[in-house]
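> Pasting a structure here, questions to come.
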Amino acid sequence: MTDGKLKIKTDNLNLFYSDIQALKNVTVDIREREVTALIGPSGCGKSTFIKTLNRMNDLVSSVRITGDVYLDDLNIYREYDIVDLRKRVGMVFQKPNPFPMSIYDNVAYGPRIHGVKSKSQLNEIVEESLKSAALWDEVKDRLKQNALGLSGGQQQRLCIARVLAVEPEVVLMDEPTSALDPISTLKIEDLIDELKEKYTIVIVTHNMQQAGRISDRTAFFLHGEVVEFDFTENIFSKPSDKRTEDYITGRFG
Amino acid sequence: MVTRHSFDHGLDDLHLDLIKMGSLVEESIDNTIQALKKQDVEMARQVFLNDDVIDDLEQQIEKKCMNLIARQQPLAKDLRTISTALKIITDMERIADHSADIAELTIRMANVKYIKPLIDIPKMAELAKQMVNKSIDAYVRQDIILAQEVCASDDDVDDLFNKIVLELVNIMKNDSEAVEQAIDFMFIAKYLERMADHATNIGEWVVFNVTGEHDHLARLFHKEGRQDFPHVK
């Protein structure tokens, strides 16, 4: 596999929650139209790290960040409007969190906020987004029904459709399948495989096998540091660091 | 909605690679026997070069199998399919090695008149090639009947081998000048006999892939009371 274009770069990124350092000199290159998985034990910093990529940590008052995060060569902590940043870098969370409104309105919510008013244009965006999220066939006849009536797996795909509706370039996923059953999980995994043709995807997962199945590259985090970052096939067949080997073979700790 | 497209794609890809390797191996048997019959040094050299291509392909397939095991956690039929692929590429690679071994002897004998007309050796080669061909077909079609047929054919190759050995031993007894070449032909016959054994292994792995049972089928098909080696009187 050859190196694609650099999409996101973090350079010596440090993050502190008050006095506690959660990320230590994290330097990672994330390539365009690849799936990058972040793995590691609880508390290793992987979720903290993914949140730095669209400045979700800005909402936490005790957070202090040093170092740089670049999106297409622009420093997102200095040169970006945060609304524009979050349009370009969307996020899907662990628990599906549809808004308590119709399926249609959930998907149309983002485009409306960004100024799309034309009904036909919204219809088109909703249909395309739901198709991209592999949900259209299941919901096309009940778009006006409340999204909370969908199953957990469908709700999560709806959340993905909601992210896609604002045409992001990067999709961050923080354990997107941990609340789902195995079949719904595999559907989301297949979806991720399709989405990477258009989007850059960064995914945090507790499920190492999932990282193996869906990602092009994997970063192993431990105690806030990146121990190893390599092509997934290398991480899972010949990791270079013993700590990675111990973790992925279940001999950690 | 069918899931695991990426894994299925990986398995299809593996399948295609195995078919490609199989056809290269068949070609190597054909070419090495043609080269032997025509005493064609250039063709024999080509068999050598193609052996490197087959070796490289074996490595690539091996890597793909390891990658699928590491990343996709195959179970049940998927696990058997990948294990089968790992086993049969070794057999296919060994068959191609034997083609190269024969090519080496062909080059050595290129400038001397053969001590005997080649009749049974090409016959044996044809049988061995058919076994390889069928074993790969059996893999492609997951056809256990065909795989069992391959295993049953092994006896015919063994019989021809014994016949050739007997003939060569008699030649050596009558003409000490012919000993060197007779030994070379004996090696060639042995390589062909081993090719058939490897085809038999492939057949057995195909049966394993379909049924989950790995038996040494050649043993089951062995003719009762047949001798493993001719007694020379």
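> Looking only at other chains, what is the average number of their beta-carbon atoms within 10 angstrom of each beta-carbon in A:203-209?
1
> Kindly express, to the nearest 10 degrees and within the range 0 to 90, the angle between helix B:120-141's C-alpha long axis and the longest C-alpha principal axis of chain B.
Value to nearest ten degrees: 0.
> Can you tell me, using C-alpha contacts under 8 Å and at least 6 residues apart, the relative contact order of chain A as a whole percent?
Rounded, it is 27 percent for chain A.
> Can you give the mean number of other chain Cβ atoms that lie within 10 Å of the Cβ atoms in peptide B:71-77?
Average per residue, whole number: 3.
> Going by the alpha-carbon gyration tensor, a ≥ b ≥ c the square roots of its eigenvalues, is the stretch A:106-145 rounded (a/c under 1.5) or, if a/c is not under 1.5, prolate (a/b greater than b/c) versus oblate?
Note, shape of the stretch A:106-145 comes out prolate.
> Please return the longest stretch of chain A lacking exposed loop sites, where trypsin sites (Lys or Arg not before Pro) count only if DSSP places them in a loop and at most 11 other Cβ atoms lie within 10 Å.
Segment A:145-250 is the longest.
> Now for a separate question. Cα centroids of the stretch A:125-149 and the stretch B:122-162: how far apart, whole angstrom?
55
> If you don't mind, another one. With the contact rule set at Cα under 8 Å and sequence spacing of 6 or more, what percent relative contact order holds for chain B?
Answer for chain B is 25 percent.
> Assuming 0.36 nm per residue, please report the length gained on full extension of the stretch A:L6 to A:S118 beyond their Cα-Cα distance.
36.8 nm
> If you build the Cα gyration tensor of chain A and take the root of 5 times each eigenvalue, what three semi-axes come out, in whole angstrom, biggest first?
That gives 31, 21, 16 Å for the three semi-axes.
> Right, next: Using the alpha carbon gyration tensor of chain B, what are the three equivalent-ellipsoid semi-axes (square root of 5 times each eigenvalue), largest first, in whole Å?
Each semi-axis is √(5λ); the values are 36, 21, 11 Å.
> Next question, about the same structure. Going 7 Å from the Cα of A:S18 toward and past its Cβ, which residues in the stretch A:59-86 have a backbone nitrogen under 18 Å from where you end up?
A:59-65
> Determine the equivalent ellipsoid of the protein assembly as shown by diagonalising the alpha-carbon gyration tensor, then write out the semi-axes as square roots of 5 times the eigenvalues, largest first, rounded to whole Å.
They are 62, 24, 19 Å, listed largest first.
A short reminder: the numbers here are calculations on the coordinates, not readings from a lab. On a predicted model such as this, the values are computed, not experimentally measured, just so you know. For neighbour counting, all protein chains shown are included, and Cβ atoms are generated from backbone atoms with ideal geometry for every residue, glycine included.
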